[in-house]
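The values are calculated or read from the model by the stated rules, or taken from the named source; none is laboratory data. If you're wondering where the values come from, they're calculated on a predicted model, not measured in any experiment. Cβ placement follows ideal geometry from the backbone for every residue including glycine, while neighbour counts extend to all protein chains displayed. We work out accessible area using only protein heavy atoms, side chains counted, and drop any ligands, DNA or RNA first. Shrake-Rupley method; radii C 1.70, N 1.55, O 1.52, S 1.80 Å.
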Amino acid sequence: MDGSSVAHTNFRVRCETLGHGEDVYLVRSDDVNLARAVPLYTRTSTYPWYSTLKPLTVTLPSERILKDPSAPKHTKFLYYSYAIFRSGVFHRWEQLSDAPTELMEGKQQDDNMAVETSSDERRHHHELPLRLLHNRELYVVNDVLGKTMGPPDIDHIREQSEPQMKKAESLLSAKENSSNSIGRRMDRGSRGSMTSDNKKHVGFAPTPPPFHPKGPMVNKQPVHLNSTDGLVVVSAFLPVVLTRSDDGQWSADWDYEMLLSMQTHLRVTRVGIVKWRGWHGNQGAGGSPEGGVPLEERDLVEACLVPFNCVPVWVEPKLFGEMYNGFCKGVLWPVLHNVTSVYADDEEVMESKGGTPNAMSDQQFSEYSMDDVEQGPIHGDGGKEAELWSSYTAVNRRFADTVVQCFNEGDLVWIHGFHLLILPSYLTRRIPMAKIGMFLHTPFPSSEIFRTIWCREDILRGMLNADQVGFHLYEYARHFLTCCRRLLGMNYGMIPDSAGGHTLAIDSNGRHVAVTSIHAGIEPPVLNQILMHTVTLEKANSIRHQFSGKVIFCAIDRLESLKGIPLKLLGLERFLRRCKEWVGKIVLVQVGISAYERGDDYVKTKKEVNELVTRVNEMWPGTVHFQECAESEMRLQQRMALLRAADVALVTPIRDGLNLVPLEFTIAHQDALTELGKKDGRKRGLCILSEFSSCTRVMRGALHVNPWKVSEIATAFHSALVISEDERMRRISTALEFVTRVTTQRWALAVMLDLKGVHKNLNPLQNAGAGLGLGYRRLGMDTDFIPLDTSTVIKGYKDARARLILVDYGGTIVVNDNLDSLMRFQMVQQTRTPSLPAPEMVETLTKLCEDKRNTVFVVSGKERHSITKTLGHIPNLGLAAEHGMFISWPTKKSLSKRRWETLVTEGDRSWRPLAISIMDVYQSRTHGSYIEETEMKVLWQYRDADPEFGYLQAKELEDHLANVLRNYAVDILHTGMEEGGYVEVRPKGVNKGVLAMHVIRNFTNLSTKARLDFALAIGDDHCDEPMLSVMRQIGRRVRAARLAKRGEDPLPDLPSTITMVDVSSVDDYVAQNLRCYTCTVGKKPSAAASYLHEVAEVQELLDSLVKMSTRDQKYYSSVDLFQAGQNQYPTSPTPISPTWQVNTSTSLTNMSGPMVKSRSLADMVDLDGPANKLTSRWLQISSMDETVDEEEDENFF
């Protein structure tokens, strides 16, 4: 070969069958020892496509070889294979079965493309025609694992990057050292990838990710799972079944009924309750086994579960019964399925049962419900319901204790089911570093149903304390998002993820909680193995023989109203009335699973089903074969036998979560697509499926019906019987595509990749906790967002000579009135007096303003007459009203009326009546909204309206105002519900950030010093964010200049949440040693660099600054000698006392209680002598001018 020509190639392969802990490697055909195997990676946005992280160098043959027909084939093609590794060790080569069924149908692999390996396994090779590649060009080769027929699909990347080409790894270089290990290759390959936008497509492969970004290179590390990853799977029940022999020996086996029984090569620990006779929390009489595992044998059970990596949670049967049967099944289950029974009548229910309460108790709470948990309507958090909620929280705490014991740092925690909704609240408090995922296998109700639960906020906050919440359908996720928005006021949307894509997430106190919707599947290999069992085949043949000559419809449902069994029977009845030619030719085998835990609902449903079955069989004998059995009698093996024998399956619930019966039925009849299956003459393999079941969205080949419309069920019976052969084949093939493609392992892998890809800040300062009990929540903060260090602020204040203090009004120096919607409305209507600052706060502001070095501004959103009435009497206090539109500069005199000027020039105000008239229209349309007018702005408040409708109306109003007022100098602002929920129109260019810069530019007129060297800005809500952002950027700009001057490293970037503005206009007004502090009140995401918890802490901070400005004049130090020159020296000092105490303790900020009076040189003066007895040094100091006085002052503070 001619080594002068090379091409640079990235390889991508579509892997549908990889399981947990399995990786795929690219291997040359002549690389027998796998010395140069190259790993491929995937991420959430590209799965199931795996690709190399950087291009490989492929040496191209010369033109002479390519044109020579006698040249060996291996000189014109590149041969390679894909190897599957498990836990970093070679497991197998790719197989034909790895390819998707639809790609391999009707195609035969070329036998010449397979060779025998040392492990007696056929190794299939891909061939890449080198004639399609050109020198120094970049390509992407797209393969499908297991599909080696024909050339691959190639994407030609036109744009080249020479420096990146030099980093390409050689795939064919003969100089490659065979000692290079796979691990080293993986380390080098994990540094990054290349992307591009300009591609010429060759073939029809899906578009690969770009490889050459035009902008800055962003290093996105792919997310993948390997054998070192730990996983703690938490579910109500362990996926194992325990048995105990007569001699007391315990044994366990996997419960393949459970979704979480799948096997994986990851390090998995499973946590849950053991299933053994009393797994429902039964309490038997006289110490019967229903009481659960005996205490003295728990050690034996734990030892039995060790090989399965299962850790049991031990809970008293009665407590667990109250949690499971009482709260989960009695309260949560109906609500999660959009059912509320506010009109339930205990007497009517009892009469419908046909028995007395005592008699019914024996029937209702039998083998599965001996804990006597009362099943009844929901009454709220009183009485029995409060006890059930207490049991629910207690069991969740038990689970938390066990999970913490099993957790190792770096493990993922995956919680399943509605039984453990508040478990994340307990876990995140104790192991905040853990990435916690939660997956619900039930539906999630609309907000109008969910809000009927008294503990709704606790449940939602518990779920939001997880890092990821998963559902089977987006429909359920959408309801969850709406509940969080309506009940907790949170926002949601698409946010960028670590893999370069976007993830649907909820903004929960600065944290992003990912919300995923991925439907689970089944494990076809397990079901195929069961279908091959002799017992299964015999049972299926027995059923076929029992109903010989008839079309068998089958249904397997729990006996509860949500399963819609009566509607199904009514549909069958209507069908036979209309299509009498089918009478005697069909049979419905209805299996009812006893649902004792559903209590009244089970009894009522069973009675109704028996009545309908009797009625149908009286009209058409033998049409319905109804059989009730316990859940233990209809396990997977018995269920697969029935599904195999049936021709059509009916799943018609009126509300259902995960239901795997349609998927199992599809696997049972997958052979209907084969030639042998077509010869049996049966029209089998179709499923009639309710549109209210989760699998309806993925089982597109089923016949979908609305179970509430009986005529649709009847029509579905007819369609299944007369369907054409071609359509039946198409429907079965469509249904089979999802069942075979989305397996349980693939579902779990996708969810785990999402969970591992969640960004979680482990810095306790950016990932802090707040709240008590179930109100505990995690708060996500920006980098460097820390509690305000008051000692640092005081030190900067003490050393400064020209200070600026900007404080907000409501929520900063006075309790915020806007937090309560009713109070806000009453103040707008002027029917309530707004809150006023405490007298202590007014006194503190007054004393701060007395220091001539201070320039203090109170920046408020209130109108100027209101702020003047409250604080206008304080001398030297600057005021800003309506977010800075009106400014009253500091004045030394206490005036009843202040002089005000505007931040921007007042222009044409004819926009106000236009804006008000438009807002009035939307106010009449939107209940709960109202208009608020001030002197310079107009607001349309919708904080009390329906959140969704109010937001939509606000967006429409915003667009309407923007169109009508486009020729006016106004700004139209729209804030979300979390920021108050309003649309505001105000003069253009007015906000607190602009005000802050305006004050600094006029600082020379306010202070004796030319440049500002200390700044403190405090706010509390979104209206203060512009001020906090501007002040933080000013301080950062000055500090960055100092670092650059000293040649030090630059500062890190500001958080992306801060809106960058140009603050260069104040450069001439700030000192090079400026110390700037920004603070928000409340621990919440903000543009400020730090926070204080409440208004009281603001008071304490300002008091500390006052103490530094106005120290007790009975403490006479050398500084007091300076003040003597200004006639501030006391003429009658206190006589010397033997009880003098010299204060050499901590700073004034740490003092508490009465200040200890100390004496200094001034107290040593002879009180009887004249003042001229002072030393000559004192006279020299007292004659200094004011400038020297302040320069020396800095040395003493």
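In table form, for the structure just shown:
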{"quantity": "Rough spin-label spacing in nm, given labels placed 7 Å along Cα→Cβ, for residue 891 and residue 908", "calculated": "3.4 nm"}
{"quantity": "Extended-chain gain in nm, criterion 0.36 nm per residue less alpha-carbon gap, residue 1004 and residue 135", "calculated": "306.1 nm"}
{"quantity": "Probe 1.4 Å, all protein chains present, accessible-area order of 673, 879, 836, largest first", "calculated": "836, 673, 879"}
{"quantity": "Förster radius 41 Å - calculated FRET efficiency between residue 1100 and residue 1072, Cβ distance, rounded to 0.05", "calculated": "0.85"}
{"quantity": "FRET E, pair residue 704, residue 1059, Förster distance 60 Å, beta-carbon r, rounded to 0.05", "calculated": "0.75"}
{"quantity": "Per residue convex hull volume, Cα atoms of region 911-985, in Å³", "calculated": "73 Å³"}
{"quantity": "Region 911-985, accessible area per residue, ligands and nucleic acids excluded (1.4 Å, Å²)", "calculated": "44 Å²"}
{"quantity": "Solvent accessible area, Å² - residue 647, 1.4 Å probe, full protein context", "calculated": "0 Å²"}
{"quantity": "Nearest-10 value in Å² for the accessible area of residue 618, using the 1.4 Å probe", "calculated": "140 Å²"}
{"quantity": "Of all accessible heavy-atom area on region 911-985, the percent that carbon and sulfur account for (1.4 Å)", "calculated": "50 percent"}
{"quantity": "Taking the C-alpha atoms of region 504-660, convex hull volume expressed per residue in Å³", "calculated": "160 Å³"}
{"quantity": "Using θ = phi - 60° and Karplus 6.51 cos²θ - 1.76 cosθ + 1.60, couplings along region 993-1002 (whole Hz; Gly, Pro as x)", "calculated": "x, 5, 4, 4, 5, 5, 5, 5, 5, 9"}
{"quantity": "Amide proton proximity set for residue 982, modelled H, under 5 Å, gap of 5+", "calculated": "942, 975"}
{"quantity": "Sparse-neighbour loop sites [chymotrypsin sites (Phe, Trp or Tyr not before Pro); region 613-719; at most 14 other C-beta within 10 Å; DSSP]", "calculated": "708"}
{"quantity": "Tensor-based shape of region 509-578 (alpha-carbon gyration tensor, a/c under 1.5 rounded, otherwise prolate or oblate)", "calculated": "oblate"}
{"quantity": "Prolate/oblate/rounded call for region 920-1054, Cα gyration tensor, a/c under 1.5 rounded", "calculated": "prolate"}
{"quantity": "Heavy-atom accessible area order for 398, 131, largest first, 1.4 Å probe", "calculated": "131, 398"}
{"quantity": "Inter-probe distance in nm under a simple model that places probes 7 Å from Cα toward Cβ, at residue 429 and residue 611", "calculated": "4.9 nm"}
{"quantity": "For residue 77, net neighbour charge (Lys/Arg +1, Asp/Glu -1) across residues whose Cβ lies under 10 Å away", "calculated": "+2"}
{"quantity": "Listed residues 384, 73 arranged by accessible area, highest first, probe 1.4 Å", "calculated": "73, 384"}
{"quantity": "Table column - 3J(HN,Hα) (Hz), region 526-533, Karplus curve with 6.51, -1.76, 1.60, x for Gly and Pro", "calculated": "5, 5, 5, 5, 5, 5, 8, 5"}
{"quantity": "R0 of 56 Å, Cβ-Cβ distance residue 815-residue 249: FRET efficiency to nearest 0.05", "calculated": "0.25"}
{"quantity": "Kirkwood hydrodynamic radius (C-alpha pairs) into Stokes-Einstein, region 406-516, 4 °C and 1.567 mPa s, D in µm²/s", "calculated": "91 µm²/s"}
